[in-house]
1. What number goes with the only condition from (1) out of contact with any Gly (no Cβ under 7 Å at 6 or more places or on another chain); (2) within 21 Å of Ala23 (Cβ to Cβ) that Thr84 does not pass?
2. Starting from the range 47-69, take each residue that is farther than 15 Å from Ala23 by Cα and list its partners that are acidic (Asp, Glu) and part of a loop (DSSP other than H, G, I, E, B), counting only C-beta distances under 9 angstrom and pairs at least six apart or across chains.
3. Quick check on my filter: what residues within the range 41-59 are within 12 Å of the chain's Cα centre (by Cα) and at pLDDT 95 or above?
4. Got a sec? Which helices (runs of 4 or more DSSP H) wholly within the range 1-110 have at least 3 residues that are closer than 20 Å to Gly126 by Cβ and among the hydrophobic types (A, V, I, L, M, F, W, C)?
5. Collect the residues in the range 59-88 that are under 20 Å from Lys41 (Cβ atoms) and surrounded by 13 or more Cβ atoms within 10 Å (Cβ to Cβ), keeping them in residue-number order.
Amino acid sequence: METTLTHELIEERPLKPALKRGARLKCPNCGTGPLMRSYLKTREHCAVCGEEFYHHRADDGPAYVTILLSGHILAPLILFVFTTFRPDPLVMAVMFSLGFTALALFLLPRFKGMFVAIQWAKRMHGFDKSRKKTEGG
């Protein structure tokens, strides 16, 4: 039993494949089971491999990253459109508000999946089963 616990502590989980799976909204462990049960609600566990997700702590991180990335994508585009085409300010405000909303709605669940995948790969917040075994008994 001691050797299996030591082996689990040493074994690393690959981060890059986990991030890709999380961005595709798939289980970071197997890559086939769905990660979400609705738009932003994660499943309790993977339907394919049984990996538990209920203990993840994504919280506000995905929202911050979504806003940051969307702003960095749209800010230069706003400047380019305004200086090149000189649209009516109301048209531009409506156009970029809709663009930001669509981009944010697309990116938010993907970033949440990536945050869960990072936590899984780094064995954070309950994803480390060997720590539960040693703490429990």
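The values are calculated or read from the model by the stated rules, or taken from the named source; none is laboratory data. Not measured: the values here are computed from a predicted model. Don't worry about glycine lacking a Cβ; one is built from the backbone with ideal geometry, like all the others, and counts go over all protein chains shown.
1. Result: Thr84 fails condition (2) only.
2. Listed pairs, sorted by first residue: Glu52/Glu44; Phe53/Glu44; Tyr54/Glu44.
3. Within the range 41-59, Lys41, Thr42 qualify.
4. 2-10, 15-23
5. Gly61, Pro62, Ala63, Val65, Thr66
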